[in-house]
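Single-structure report; data block below.
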Amino acid sequence: MTESPDFSALIGSRICHDLVNPISAIGNGIELMIMGGAARSPELALIEESVANANARIRFFRIAFGSGSDRRIARGEVLSILSDMTQGARISIEWTSAADLARRDVRLAFLAIQCFETVMPYGGTLAVVQGADGWQITGRSSRFRVDEDLWARLAHAGAQTDVAPAHVQFALLPLGVAELGRHLEMERTETEIRLHF
């Protein structure tokens, strides 16, 4: 018996795919304006930065919320997405992995990054490392804002409590880890949170 497709993931991929084109067109329009002699004003620079960030976010969402297929993603593409997404952001991300990555693995790492973004509103650093024993994501910050109920969800794949759209990553990450037959572990101190799967 064949598995039914994950329509939610397919819809997420489709929406992201359709949004990339108009946002890229805005970026191209800005480039043409500059090439045509338009002054590089602070306003134009702000638009340019916002377009790059929006484009990176959509590429990020396409992997995080799209289908976790067996296709491969180049490390360079991941680094490009994260670099554009963190320009001027409070959180910096250090990514260490193999050159060629399974999309399903990157998807889980991206969902974990989103979980960390939720608890690090004051900024900090994220170290994402793919090692021989799996993935380890470590967040370091002088101050975390942890919602205990959300973080408790990570230990229970398929927990049936309500989750707001802004926190859907806390429901998807443990499900994705369980689907791959892996186990999610968590450690916390005052200045560091570590996830391993």
Within the range 110-130, restricting attention to residues that are aliphatic (A, V, I, L, M) and either assigned to a strand (DSSP E or B) or open to solvent by 10 Å² or more (accessible area, probe 1.4 Å) (or both), which residue is farthest from residue 197 (Cα to Cα)?
126
Unique match (being touching a residue at least 24 places away in the same chain (Cβ under 8 Å), open to solvent by 20 Å² or more (accessible area, probe 1.4 Å) and within 20 Å of residue 8 (Cα to Cα)) among 194, 107, 140
107
Of a type in the set (Asp, Glu), over 18 Å from residue 102 (Cβ atoms) and open to solvent by 20 Å² or more (accessible area, probe 1.4 Å), is that true of residue 133?
no
Name the residue that is surrounded by the most Cβ atoms within 10 Å (Cβ to Cβ), counting only residues in the range 56-101 that are of a type in the set (Asp, Glu) and either at positive phi or assigned to a helix (DSSP H, G or I) (or both).
84
For the range 32-49, how many residues meet the condition of being loosely packed, with under 13 Cβ neighbours inside 10 Å and closer than 19 Å to residue 80 by Cα?
0
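Evaluate the range 31-43: report whether one residue or more is in a helix (DSSP H, G or I), under 19 Å from the mean Cα position of the chain (by Cα) and modelled with pLDDT of 85 or more.
no
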If I filter the range 160-177 for residues that are of a type in the set (Gly, Ala, Ser), part of a loop (DSSP other than H, G, I, E, B) and more than 19 Å from the chain's Cα centre (by Cα), do I get at least one hit?
no
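The values are calculated or read from the model by the stated rules, or taken from the named source; none is laboratory data. Everything numeric here is computed off the predicted structure, so don't read it as measured data. Note: ideal-geometry Cβ built from the backbone for every residue, glycine included; neighbour counts use all protein chains shown. These area figures cover heavy atoms from the full protein model, side chains too; ligands, DNA and RNA do not enter into them. Shrake-Rupley method; radii C 1.70, N 1.55, O 1.52, S 1.80 Å.
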